[in-house]
Amino acid sequence: MSPRLSTQRRGRHALRPGDLPSVVARPWVWALAAGTAAAAVSVTTLAGPLVPLVVLAVAVGVALAVGAPRALALLAVVVVVVSPPLEALLGGPVGYADEAVVALCAVALPVRRLLAVGALVWFPGTAWFAAFVGLGVLSAVREDVPAGIAAPAAFLAVKGLLLAFGLAQVDWRDTDLRFAGRAGAVAAGVMALSGLANLAAPGAWARVTTGRAPLEYVAGLPALNGLFGHPAAFSRFCGVLAVGALAYLLVVRRSPSVVALCAACAGLAVLSLQVKSIVGLLVTFAVLGARFLSPAGAAVAALLGPLVALVAGPPLWALVRGDVDLYVLQPSARSRLAEGGATVADRYFPLGAGFGRYGSSVAAESYSPLYYELGFPDRFGLRPGEGAGQFLNDSQWPALYGEAGWIGAACFVVGLGCVLVRLLRPTSAQESRLVRWVRVTGVGWVVLLVIESFASPVFVSAPSFPFLFVAAGVAASFAARSSSPLSSSSPPTSPSPPPSSSPPPSSSPPPSPPDGQVGASARTLAR
């Protein structure tokens, strides 16, 4: 390889299979790593029964990060999704599984890319999100928040961003996106089966999965919770799947099976009886439909819309009106939380009260001293004690402006705007339909989850927190690769020699394009 091409490779974002240090591919390195892991597992058995499992899991994760980063990324998203039901079933340290895979991806995948390429793919809005974190940390230092409270609260506030930053360092391919679509279809099928079982035996299902009766009935239908411990988590995940299926229909391919999956997931989200999810889905479907729906599809929607509204309108309206009366027109724990956050942001202007002091799960677990000052112990759902403060983490925004101040919350909002801009912009002039599907799905997730964020901590709680950020990270990865001159699917052309002349001898083959580019470009041209 010529020095010129070698220099280009070191300064670009395209990661090739041979870019990792050659020592990683040597068998003795893996043998040494396996021996070290076995010794570590053996030694750590003295510290407790779970420590060896943790060490082994970390070793497997690091090995995946080096040899199969896409598999690690998929595993991380799956762990995030299944962590709530696993925590309810097994309890204990399983509840930290999602944070563990986030930390692993946020460290291992960027380190891998730095060793291979010497450059990182930056997540959209990184500077603004970093300013948000910096203000929250500064305020925690100023207010003498213990490190054992401030550090985990800061990590939880940005764990979705950290996961997306790690996944942005992977060179994704169209085949990976196609596999992700199949995985989403499988997840939709599992949710549908659990929803049907929930609907068939609501009392028994709820007692097994949540330990109590269904939270609510409307027109004789129970609030479905599926595999999750609360209908809100089930509705958010079903809504995420429904938006992904709708975007696939509008951008990639229309198929009866995808229509069925979209309708099933949307219906399950509605049957969870969560007003925020219903409103978020209606708005998201309207936004995507107005942008991408064909005239024929718009005509069908216009014909079926009145019929659907006639059948489903009255019970849905009763549900929405009940929530508006409960949470908006009357004093409630949620409104008290929002008002208290504004009071805290004003009192501690401009930095806020610090991470772990207001509105977050860490502040609820440690029961922040600010809650006593605000009179929360006298309010139902905001009291100290296990199970008594179920509304202390009932919304996303009070934690943002309460802990990082008004300026910090504004930085977070601008960062979200950068994420939306990245998703709205094509990653390249030859962008494939699957990459466009990821972007459009991400736009839908931004709309859906921002609406839900006013009544749920969707940016930090499983199973929903990674999705909108991960879509932006994958889009950033494709955009970074397409910006490299070496990402072209064919080498530069040169004038053809005269027919009578023979081609000059070549001592080395031409440089190969990055992994996955030839197939992706061929498919794009075929379309």
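Taking a ≥ b ≥ c as the square roots of the eigenvalues of the Cα gyration tensor of region 72-202, is the shape rounded (a/c under 1.5), prolate (a/b larger than b/c) or oblate?
oblate
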Extension gain, residue 342 back to residue 373 (0.36 nm per residue minus Cα-Cα distance, nm): 9.8 nm
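How large is the Kirkwood hydrodynamic radius of region 126-187, counting all unique pairs of alpha carbons, in Å?
14.2 Å
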Nitroxide proxy distance, nm - points 7 Å out along Cα→Cβ at residue 193 and residue 130: 4.6 nm
Solvent-accessible area, 1.4 Å probe, carbon plus sulfur percent, for region 99-257: 72 percent
Highest-first arrangement of 389-402, 179-192, 243-256, where packing means the average Cβ count within 10 Å: 389-402, 243-256, 179-192
FRET efficiency, 1/(1 + (r/R0)^6) with R0 51 Å, evaluated for residue 414 and residue 208 via beta carbons: 0.70
Highest average packing first - 99-106, 286-293, Cβ atoms within 10 Å: 99-106, 286-293
Semi-axis lengths (Å, descending) of the ellipsoid that matches the C-alpha gyration tensor of region 137-249: 34, 26, 11
Per residue accessible area of region 155-206, 1.4 Å probe, in Å²: 36 Å²
Region 412-463 - accessible surface per residue (Å², probe 1.4 Å): 34 Å²
Charge sum, other residues only, whose C-beta stays under 13 Å from residue 442's C-beta, Lys/Arg counted +1 and Asp/Glu -1: +4
Spin-label proximity, residue 388 to region 367-381 - amide N less than 14 Å from point 7 Å beyond Cα toward beta carbon: 367-368, 371-372, 375-381
Rounded if a/c under 1.5, otherwise prolate or oblate - region 89-156, Cα gyration tensor axes: oblate
Separation in nanometres of the label points that stand 7 Å from Cα toward Cβ, at residue 454 and residue 178: 4.2 nm
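The values are calculated or read from the model by the stated rules, or taken from the named source; none is laboratory data. Small disclaimer: the values here were computed from a predicted structure and weren't measured. Cβ sites come from the backbone with ideal geometry, for glycine too, and all protein chains shown count toward neighbours. With ligands, DNA and RNA removed, areas are computed over all heavy atoms of the protein, side chains included. Shrake-Rupley method; radii C 1.70, N 1.55, O 1.52, S 1.80 Å.
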